[in-house]
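To keep things clear, I will list the structure first and then write my remarks on it.
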Amino acid sequence: MTRCIHLLLALAGTLLALPAMAAPLDRPALIAQLCGNAGAMGEAGAALLALAAAGSAEDRGWAAPLAKALIDKKLACDDTGAVLGDVDAVTRAPRTAPDTARTPVLSLKNRAVFETADAALALRSAPDTDQRAAALRTLERRPGSLPEGLLDAAAASESDAGLRTQIETLAQTAALNSPDMAKRINAINRIAETPSRRALTQISALKADPAYASDAGFRQAVDRAVGRIDRGIAIGDTLAALYNGLSFASILFMAAIGLAIIFGLMGVINLAQGELIMIGAYVTYLVQEALRHLVPALLDWYLVLAIPFAFLVTAAIGIALEASLLRHLYKRPLMSLLATWAVSLFLVNLVRVIFGTQNLQFETPFYVTGGVPVIGDFIFTWNRMFAIAFAVATLAITWAVVRKTPLGLNIRAVTQNRDMAACIGIPTRRVDMMAFGLGSGLAGLAGLALSPIYSVNPQMGQNFIIDSFMVVVLGGVGTIAGTVVAALGIGQINVLIEPLWGAVAAKVIVLLMIIGFLQWRPEGLFAVKGCRK
Amino acid sequence: MSKLSRRSFLQASGLAAAGLASPIGMPAILRSAQAAGSVKLGCLFSSSGTMANLEGRLNYVVKMAADEINAKGGVNGRTVEVMVSDPASDWPLYAQSAKQMLQQEKVSALFGCWTSVSRKTVLPVVEQEKGLLFYPLHFEGDENSKNVVYVNSPPASSVLPAVDYLMGEEGVSAKRFFMLGSDYVWPRTINKQLKGYWKSKGIPETAWKEEYVPFGFSNFQTLVNQIRAFADQGGGQPIVVLTVVGSSIPDFMREFANQGIKATDIPVLGLDMVEADLEGLDTSKLVGHLNCWAYLQNAKGAANATFLKSWADYVKAKNVPFKGDVAIDPMVSAYDAVHLWAMAAAKAGSFDIPEVTKAFGGLSFDCPSGYKIGMTAENNYVSRGVFIGSVNEKQGFDILWQSKDTPKPVPFSPYG
């Protein structure tokens, strides 16, 4: 029964579409246009789009691969026409492109047209439901540029019920300028359901419409929609500010937590901390490359699989550094500062000589790609979420290690009173070494967490060193809680100031605020009782 | 080893770096060339610091050009020797290295600087020492020194044609502009000129917005939010004019793509974006974003094929720590610069800087870009062609548009 109705609808759709295709499609002419200049290509793109709405099934099937071929630069033009992969673009008979063939490049304007045309053709004729759903998502971005009848025809022939509802919803949204007042009001309500600044601009423009003055129902619908969108945007902006602040804070925290152990607990001003972060990122890269060659199936999970490697390698470097260099300099803080600076220069140049100066190429697994729009203009991006989750996990583990393990107990004991700790039999030398290893390992984890967000190159460590010292000093040297609160504070304040006075001012203001705060409370937010000196 | 050189050497690299950096030719500055009959050229490009990945490769391209000249018998019967320094992306150090090269090494010409701020620090030195600096970057203009050859283009023949293209029917009919730059002289001057230009076209002040970030800025989350909000206000097609430099470029592009903004929604015109900035990025999400330069790697023609082949061969033969299959505009401009200098010196029959300067008028060279670039006696600017590139999936740029010929360079902008 339902199938019968579908058939009837499809038939009706074809009949309705018939008048639009008075002339049969001139295929060679269309291909010639596709190989023409930017203007001709634009016309061809518009023709493809019209074809998607009103062309015969056969023509649509023929045209389906064309737009995609242009986008992917797979169409080779020569004197006699064009070659699509290994077949002739017009006849689809096997043919190879001559060496003299050229591949047309889409201008930006035409690219938008061809993306829409490709999605429109796919929505009508792609065999796979997922492909059609993806096509619909592309079309949703530009409801204004769709030809009349496209969505109705697509809805009529759609076999998947859920997708059909989505197409009908989009069709209703597109009816904003329809002559039918009920459809218009319906469209307004539909648009207001997904509030954004773009929707607000679109709906606000209707206040200039003659119907706004004459039709009370229309006016009410517009006003209600504007109010609703305004609320949505306000909520979205608040959430976005919180999320941005939190994600920046998680980055600051990851950069600073290792230093909080090394500088905070041990009192070593480690200027090589940024380079340890950089090495963590390079270890992640090496794990990715190893997986690529050994187990390509697991490549997407390299970020997770690299966690132990990033931690252990940097921890080992830290321990080696402590054992060979810094243990001799504990009594001379200035010398340890210079020594770690030399180490940082050494590490930068070592990596530069081995890997070169260019940014490393990281795969972006699905769990750190893109984001979902939530409400208003707030987009929940997965790479930032990954950093936040990673920071939370790191915080939990660090806290557990320092508070709940014998090692943590020893570290705290040595921090509070080194001589007394030694007297009761704590091996202070070994505790120093382990603490330094822990701090370095945490820096390595920071490098891993930051690689989906920032560019990874030998210089990257320098970006983090000032920020991490800022966080550690503000938090109160040596407290994990202080590090967390300071990172959250600096991150949030930065994000709030940036849109108001710009990024440069934000940086200066935050620095001044920290200086002011330290004048008032030199020990930072959370003071630790008893220091090693 | 002189006292001065030892000090700058220490500042540039630190003792720890010295051993490892030597393959990059760091100590070359200390090696006083005694070889009789050679003429010295100096390079002022950083091999360390934030600009290392970009500037570092220019040292090698200058050496490659010198090798080409030497293979043809040198200039005026003398072989060309290239001295390299490392100002470590530290602006005052450029001036110091320049002074040292001019006073102690007596170089006949300097090739160097990338950022405008480094050029500005070197400028008084070359003027005082009566040296000659070839500057290979496109830049903000508004400067004309007889001691500097501006090998690349001022905004009138690079930025304005690109912005014109985007505002035109064939481009995207851009109506609104978000200017985002690093906070220093080049972005600020370019944006000032652009604002003047738009004003002259009758575009209202509400149609643009200007934001600056500190050097090395990487957290672009809120700024991309601002760009989205700006674009959604309606009022015509928005574009981003991007003048951030160095590592901020890939960080911005990554965040832009990750928030789901495509080039067909809001195109970015990256004025300092070169092929090397795309290394490491997933460019399939960035396809369509734009840049404008006097050379793109995909330029057609035999001159480019020859250049790309010699660079690939040179990288292989000399074990250069950069990719042999990536060429960027400043590399080609530095290469052009060495050849222009050699032609001028040959024409003058002398290496004296006043004589060489006098010989500039009427010089022309077949640039790898495919254009015949030329100099006039009027000023030290070089007329170059203009390309607009569009990011492709393969971390390169497709040529979207190129100028018919080489526009006459206008040093001082009427719009600033």
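The values are calculated or read from the model by the stated rules, or taken from the named source; none is laboratory data. Given the structure is predicted, the values throughout are model-derived calculations rather than measurements. Positions of Cβ are backbone-derived with ideal geometry, glycine not excepted, and every protein chain shown enters the neighbour counts.
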Q) Do we have any residue at all in region A:352-364 that's touching a Ser or Thr at 6+ places or on another chain (Cβ under 6 Å), in a helix (DSSP H, G or I) and surrounded by fewer than 19 Cβ atoms within 10 Å (Cβ to Cβ)? A) no
Q.
Being away from chain A (no Cβ under 14 Å), out of contact with any Ser or Thr (no Cβ under 7 Å at 6 or more places or on another chain), assigned to a helix (DSSP H, G or I) and not hydrophobic (A, V, I, L, M, F, W, C) is the filter here; which residues of region B:184-202 pass it?
A. B:T189, B:K192, B:K195, B:G196, B:Y197, B:K199, B:S200
Q. Would you call B:I388 under 21 Å from the mean Cα position of the chain (by Cα), within 14 Å of chain A (Cβ to nearest Cβ) and crowded, with 20+ Cβ neighbours inside 10 Å?
A. yes
Q.
Give me the residue from region A:228-264 that is away from every other protein chain (no Cβ under 14 Å) and either among the β-branched types (V, I, T) or over 23 Å from A:G447 (Cβ atoms) (or both) and, out of that set, surrounded by the fewest Cβ atoms within 10 Å (Cβ to Cβ).
A. A:R231
**Q.** Residue list for region A:185-225, filter: assigned to a helix (DSSP H, G or I), touching a residue at least 12 places away in the same chain (Cβ under 8 Å) and within 14 Å of another protein chain (Cβ to nearest Cβ)
**A.** A:I191, A:R197, A:A199, A:L200, A:Q202, A:I203, A:S204, A:L206, A:K207
Q: Could you please find all residues in region A:433-492 being closer than 19 Å to A:E275 by Cα and not in a helix (DSSP H, G or I)?
A: A:S451, A:P452, A:I453, A:Y454, A:S455, A:V456, A:N457, A:P458, A:Q459, A:M460, A:G461
(Q) I'm trying to understand the selection: among the residues of region A:81-124, which are over 31 Å from the mean Cα position of the chain (by Cα), more than 13 Å from chain B (Cβ to nearest Cβ) and either outside any loop (DSSP other than H, G, I, E, B) or touching a residue at least 60 places away in the same chain (Cβ under 8 Å) (or both)? (A) A:G81, A:A82, A:V83, A:L84, A:V87, A:D88, A:V90, A:P94
Q. Do you know which residues across region B:260-271 are at the interface with another protein chain (Cβ under 9 Å from one of its Cβ atoms) and either at pLDDT below 90 or not in a loop (DSSP other than H, G, I, E, B) (or both)?
A. B:G260
Q) Regarding B:D325, is this residue within 14 Å of chain A (Cβ to nearest Cβ) and without any contact (Cβ under 8 Å) to a residue 40 or more places away in the chain? A) yes
Q: Any residue in region A:50-68 that's at pLDDT 85 or above: show its pairings with residues that are acidic (D, E) at Cβ separation under 8 Å, as long as the two are six or more apart or on different chains.
A: A:L51/A:D59; A:A53/A:E148; A:A67/A:E115; A:A67/A:D118; A:K68/A:D118
Q. In region B:198-237, how many residues are more than 25 Å from A:A205 (Cβ to Cβ), without any contact (Cβ under 8 Å) to a residue 60 or more places away in the chain and polar (S, T, N, Q)?
A. 4
**Q.** Filter result (under 23 Å from the mean Cα position of the chain (by Cα), surrounded by 24 or more Cβ atoms within 10 Å (Cβ to Cβ) and more than 19 Å from A:F355 (Cα to Cα)) within region A:454-476
**A.** A:F464
Q: Restrict the check to region A:330-338 and report whether at least one residue is within 11 Å of chain B (Cβ to nearest Cβ), closer than 19 Å to B:S48 by Cβ and in a helix (DSSP H, G or I).
A: yes
Q: Could you pull out the residue among A:L438, A:L409 that is of a type outside the set (K, R) and surrounded by 18 or more Cβ atoms within 10 Å (Cβ to Cβ)?
A: A:L438
(Q) For region A:56-82, give me each residue that is buried (at least 23 other Cβ atoms within 10 Å of the Cβ) and more than 24 Å from B:T264 (Cα to Cα). (A) A:A82
Q) Among the residues of region B:203-255, which ones are farther than 30 Å from A:Q459 by Cα, among the hydrophobic types (A, V, I, L, M, F, W, C), facing another protein chain (nearest Cβ under 10 Å) and not in a strand (DSSP E or B)? A) B:A229, B:F230, B:A231
Q: Looking at (1) over 26 Å from the mean Cα position of the chain (by Cα); (2) away from every other protein chain (no Cβ under 14 Å); (3) closer than 21 Å to A:A47 by Cα, find the lone condition where A:L136 falls short.
A: (1)
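Considering every residue within region A:358-372, establish whether at least one is more than 14 Å from the chain's Cα centre (by Cα) and more than 11 Å from chain B (Cβ to nearest Cβ). If you could, list the steps in order and put the result at the bottom.
Step one: filter region A:358-372 for residues more than 14 Å from the chain's Cα centre (by Cα), giving A:358-361.
This time we only want the ones that are more than 11 Å from chain B (Cβ to nearest Cβ), so: none.
No, region A:358-372 contains no residue that is more than 14 Å from the chain's Cα centre (by Cα) and more than 11 Å from chain B (Cβ to nearest Cβ).
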Q | Set A:I490, A:I480: member being away from every other protein chain (no Cβ under 14 Å) and either touching a residue at least 40 places away in the same chain (Cβ under 8 Å) or over 29 Å from B:A88 (Cα atoms) (or both) | A | A:I480
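Let's see how each residue does on (1) within 18 Å of B:F111 (Cβ to Cβ); (2) in contact with an Asp or Glu (Cβ under 8 Å, 6 or more places away or on another chain); (3) modelled with pLDDT under 50:
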{"site": "B:R7", "(1), (2), (3)": "no, no, yes"}
{"site": "B:G25", "(1), (2), (3)": "yes, no, yes"}
{"site": "B:S46", "(1), (2), (3)": "yes, yes, no"}
{"site": "B:E55", "(1), (2), (3)": "yes, no, no"}
{"site": "B:K72", "(1), (2), (3)": "no, no, no"}
{"site": "B:A88", "(1), (2), (3)": "yes, no, no"}
**Q.** Criterion violated by B:Q128 - all others in (1) within 20 Å of the chain's Cα centre (by Cα); (2) without any contact (Cβ under 8 Å) to a residue 24 or more places away in the chain satisfied
**A.** (1)
Q: Run B:E140 past the list (1) closer than 27 Å to B:V75 by Cβ; (2) touching a Ser or Thr at 6+ places or on another chain (Cβ under 8 Å) and report the number of the one that doesn't hold.
A: (1)
